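Down below is the structure, laid out as structure tokens.
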Amino acid sequence: MLFTNRAELQGQFAAVDDVRLLWRSAGLNPDSYYFVVEGCGVVDGCFGPWVRIVSNVEEVDSLCKGSRPEALSVNKIQLVAPPSMTRRSEFSMQLLSEIRIKEGSEPRPIYEFVTHDGQVYSSAR
């Protein structure tokens, strides 16, 4: 979950389908992973690029399937991984090449995130 304080908002404005909030900063849960998804599509009535920060694989999948007009194509997905996932001392951001479900975990999926350079990280805790 991303969070911010009201005092940290730079403003908000009405968009075609929602209310958009402009943040100065946002906090990340230090135990969670996130995805930065970049693509092209229809945003506020015009075709152009967009970037979304999402916190679950289902939302990434929805964006990749183009189920919303703003997500006509996805160009890049990056994993924002917490230290507990990567065994590093801080969050890291790495380009993904694949998200897969670990074999045998289908009822309660355990995801494996394969980075562009071949590292594999697991959603299992």
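Just a few scattered comments:
- Here SER55 and HIS116 are evaluated by their C-beta separation; at R0 = 25 Å the FRET efficiency comes out at 0.75.
- Hydrodynamic radius by Kirkwood, which averages 1/r over all alpha carbon pairs of the range 67-125, in angstrom: 12.8
- Taking Lys and Arg as +1 and Asp and Glu as -1, the other residues whose beta-carbon sits under 14 Å from that of TYR33 total -2.
- Extension gain, VAL42 to SER25, is 3.6 nm, computed as 0.36 nm per intervening residue step minus the present C-alpha separation.
- The local environment of GLU112, defined by Cβ-Cβ distances under 10 Å, has a net charge of 0 under the rule Lys, Arg +1 and Asp, Glu -1.
- Protection proxy ranking of 102-113, 37-48, 68-79 - average other beta-carbon atoms within 10 Å, highest first: 68-79, 37-48, 102-113
- Sites GLU90 and LYS65, calculated FRET efficiency, Cβ-Cβ separation with R0 30 Å, nearest 0.05: 0.40
- Per atom type, the range 70-125 shows carbon and sulfur on 48% of its accessible surface, probed at 1.4 Å.
The values are calculated or read from the model by the stated rules, or taken from the named source; none is laboratory data. Bear in mind that the values here come from a model prediction, so they are computed numbers and not experimental data. FYI the Cβ positions are ideal-geometry reconstructions off the backbone, even for glycines, and counts take in every protein chain you see. Accessible surface is based on the protein model in full, side chains and every heavy atom, while ligands, DNA and RNA are left aside. Shrake-Rupley method; radii C 1.70, N 1.55, O 1.52, S 1.80 Å.
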